[in-house]
1. Those residues that are at pLDDT below 95 and either outside the structural domain of B:L396 (by TED's automatic domain parsing) or in contact with a Pro (Cβ under 9 Å, 6 or more places away or on another chain) (or both), I need them from the stretch B:130-145; list them, please.
2. Would you pick out the residues in the stretch B:37-50 that are buried (at least 21 other Cβ atoms within 10 Å of the Cβ) and under 27 Å from the mean Cα position of the chain (by Cα)?
3. Pairs under 7 Å by beta carbon, first residue within 16 Å of B:S367 (Cβ to Cβ) and facing chain A (nearest Cβ under 7 Å) in the stretch B:344-356, partner part of a helix (DSSP H, G or I) and not acidic (D, E), six or more apart or different chains?
4. Run down B:L106, B:L95, B:L87 and say which single residue is more than 18 Å from B:G168 (Cα to Cα), within 14 Å of chain A (Cβ to nearest Cβ) and touching a Leu at 6+ places or on another chain (Cβ under 6 Å).
5. Which ones in the stretch B:168-185 are under 10 Å from B:V115 (Cβ atoms) and not in a loop (DSSP other than H, G, I, E, B)?
6. Inspect all residues belonging to the stretch B:367-380 and state whether any of them is more than 7 Å from every other protein chain (Cβ to nearest Cβ) and of a type in the set (V, I, T).
7. What do you reckon, is B:N58 at positive phi and either in the same structural domain as B:K11 (by TED's automatic domain parsing) or buried (at least 22 other Cβ atoms within 10 Å of the Cβ) (or both)?
8. The conditions are (1) part of a helix (DSSP H, G or I); (2) within 11 Å of chain A (Cβ to nearest Cβ), and B:H326 fails exactly one of them. Which is it?
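The values are calculated or read from the model by the stated rules, or taken from the named source; none is laboratory data. The structure presented is a predicted model; accordingly, all values stated were derived computationally and were not measured. Cβ: placed from backbone, ideal geometry, glycine included. Neighbour counts: every protein chain shown.
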2 protein chains.
Amino acid sequence: MDMIQSAAQAKKASITLASVSSEQKNHALKTVADYLINNIDKIVRANEEDIQRSKKENLPETLIKRLKFDGKKIRDVVDGINSLINLDDPIGKKLMATELDEALNLYKISCPIGVIGIIFESRPDALVQISTLCLKSGNAVLLKGGSEAMQTNRILAELIQKATDAAGIGTDWIHLLETRDDVNKMLKLDRYIDLLIPRGSNEFVQYIMDNSRIPVLGHADGICHCYVDKDADLEMAVDIVNDSKTQYVSVCNATETLLVHSEVANRFLPKFKEVIQESNVQLRGCENTRKIIDVTVASERDWKTEYLDYILSIKVVNSLEEAIEHINTYGSGHTDSIITENKEIAQKFMDLVDSANVFWNCSTRFSDGFRFGFGAEVGISTNKIHARGPVGLDGLTIYKYKLIGNGHIVSDYAEHRRKFTHKPIA
Amino acid sequence: MDMIQSAAQAKKASITLASVSSEQKNHALKTVADYLINNIDKIVRANEEDIQRSKKENLPETLIKRLKFDGKKIRDVVDGINSLINLDDPIGKKLMATELDEALNLYKISCPIGVIGIIFESRPDALVQISTLCLKSGNAVLLKGGSEAMQTNRILAELIQKATDAAGIGTDWIHLLETRDDVNKMLKLDRYIDLLIPRGSNEFVQYIMDNSRIPVLGHADGICHCYVDKDADLEMAVDIVNDSKTQYVSVCNATETLLVHSEVANRFLPKFKEVIQESNVQLRGCENTRKIIDVTVASERDWKTEYLDYILSIKVVNSLEEAIEHINTYGSGHTDSIITENKEIAQKFMDLVDSANVFWNCSTRFSDGFRFGFGAEVGISTNKIHARGPVGLDGLTIYKYKLIGNGHIVSDYAEHRRKFTHKPIA
């Protein structure tokens, strides 16, 4: 089907999907889970084709690892669907209720956004995760995966369509796009698509943000910082920075730059170097860092770099203000942590650092929807509107106002025959 | 000052403004109100210059009317500031609190968005309203008014700057832009500006939306509908449609198209025509309408037109579904009202019409921040993300996550030494 037709069909389907009951949506999710489990062999076979082809095409090993979708990963994804079923329906919630006047009642009710465009690279689990999140929240979805996962994505999309069709929701709410040309068309379809969620490398997300007028939920960079304050517990600081850097290096919430107050740099840095060396982290430091420990020189470019690797840049700062200024200048508004025993300093840091996640005495690696207890994660957003930080199902919702009257007209109020009461409704 | 410098300065000021106390912000607002009242003569004189110049330049009468900013209008604006002072501070609210583990507590706290760019046409009251809303919500602001109001805007911006400087908040948080070139530069400054709020004609708002990557809060069109259902109380319907069309024609929530169910069209339309004729409304109808009442012919173009005038297009539909389909196809997602005594039909209409405001048995003219009881209005949004419908102060806020630990690291959880508790904090 033509891309534009698919989008128009999704838009139409989104209207009815908005009013499908929680029971029916959960039944459809259960059916999707069943179809996946009953077709593990078929999925694995399709995935193996993708892997063989990718190997022949000499795609990098890391990509092939992400592409792999075996029985264990399928069962993990199905576990995810089962927890999703248990979450509250985010749709139809009464967010506010006000009596404007006698028998004139206003309700603010959560509803789906409409049509979500998802663009993801190799990992096929993303297809299942995001499309089931969309289903739970009543949104239609256009999916574009990496071409290296073509066969896997086709069978997954087909199974999801069949399952929701069997569950009475039809197939029009979900469409799989396959060509690069489709993506470029999708980026222009702001009349049908309400939100884009790109998952993948930062260059990739940046490309999407730069080439569409449709709002984008997500983040390009994750340049996260730890700041070791002059009042830090230095042992705690070593552990937190070590965890923030090395617990998992290739993720957006791993720390890339360490800031250290000059008053404690002499005591902290040698101790820290000893520990972090065990993980073979390459350290790059500013001039003052290099006076204390022997590390490679860090340039301006380092402060702006998301390494996603065993590399850490270090800067000695002379004040809390300098640390905040550095983070707000070079950071990406993702996650930044201060280590200090001083409550006032910690509060100032958390107030003035302009990031989605501002932490005190804990690892930057905590910024994550599952760790935050959201149950399901749409992604992590560095947006300043709509949804910021780890985004749960709520990020796929908006609201509408329902006003219920009994013949009420505005001229009665404009001409002072009636007055608004504006009372909250319990 | 150079536009880009102004934006950079505003960005910097926004960081500190984010943590200014409610008391200090309210004190600054009070000072702004005082400065305006104490300088009424000066403002009126500047405004008269603008009016004289505009008359000489033969600007249209309607524009000159909007441009006028006299003592009464200044006092109205000051009343607005005083009510704003009495509203709750939208910043620093605890939106969620969760214990992730012992002594690891997560807080979701409302905070300002950052830097707001406001672009408005002739009305100088918009300058004061929006900049005080920004101040109350801790946002820095870049303002661009119509060049016809140049002198008025200059004195207003100067007074606001002086007042907030006297109140200890400084002047960097607010900048007045003056040239069209500045606006075009502003539209490109997504690294400093977080949200644009254009107020003015729909062509103008459309231009802004089409030419910036910065999120836009607002609406281009207001193509609102009334649908008179087969189960409508026809007398009530006459009153509601009449009010929706004629109470104030030049506003976004006035009705532009009337849809009537074929089963009641014969009885409703002649009665309705009799009443609406008193306001000299030009009626344009579909073929079936013209079989019942004598009106001009409506073309496809009429269904897409926001008249903002004493014109109404009318279409006879054969079902609720056809009415919904028409609204979702030709409407602008602003405000649509059904008139019916049938609860089930009303609910279906409110669920399936994809608009910010869906009304039952009342006038479309109610969709307005003041009528909704929000106390202050940023504007009316047809966005599907962030803020929809009439937007109060909350629309100028976002949130950040503060996580407070005591040396917590992720590897303890990854390696199962510790488990998350995920308990809500009372």
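1. B:G145
2. Within the stretch B:37-50, the first condition is being buried (at least 21 other Cβ atoms within 10 Å of the Cβ), and the residues that meet it are B:43, B:46-47, B:50.
Selection gives B:I43, B:N47, B:D50.
3. B:D354/A:I15; B:D354/B:N328
4. B:L106
5. B:H175
6. Within the stretch B:367-380, one or more residues are more than 7 Å from every other protein chain (Cβ to nearest Cβ) and of a type in the set (V, I, T).
7. Here the answer is yes, as B:N58 does meet what is asked.
8. So the condition that B:H326 fails would be (2).
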